[in-house]
């Protein structure tokens with residue numbers, strides 16, 4: 001039998017599985033790790049992936065990337 005508690009627990013577990021890796025990715029890129037909390041929101045998560053892919057990373061500012 002599926003209870004409300006088991007559904008809530010599974011939702012929290014899935015959110016952690018999504019948020020924790022993105023927290024590390026955002027932090028290593030130089031962005032606040034808290035931005036990873038947006039990854040659990042539909043549509044916003046797609047926007048954040050594109051933002052992460054195309055934005056200038058603060059962690060790389062001042063370093064040569066070889067794309068100049």
Query raised in the report: Quick one: is residue 16 under 10 Å from the mean Cα position of the chain (by Cα), surrounded by 10 or more Cβ atoms within 10 Å (Cβ to Cβ) and modelled with pLDDT of 90 or more?
Result: no
Query raised in the report: When the residues of segment 1-13 are filtered to those that are more than 19 Å from residue 41 (Cβ to Cβ) and surrounded by 10 or more Cβ atoms within 10 Å (Cβ to Cβ), which remaining residue is farthest from the chain's Cα centre (by Cα)?
Result: 6
Requested in this report: Could you tell me whether any residue of segment 30-44 is surrounded by fewer than 11 Cβ atoms within 10 Å (Cβ to Cβ) and either more than 15 Å from the chain's Cα centre (by Cα) or on the phi > 0 side of the Ramachandran plot (or both)?
Outcome: yes
Report summary line: Sole miss for residue 56 among (1) outside any helix (DSSP H, G or I); (2) modelled with pLDDT of 95 or more is condition (2)
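The values are calculated or read from the model by the stated rules, or taken from the named source; none is laboratory data. Just so it is clear, the model here is predicted, and its values are computed rather than measured. Note: ideal-geometry Cβ built from the backbone for every residue, glycine included; neighbour counts use all protein chains shown.
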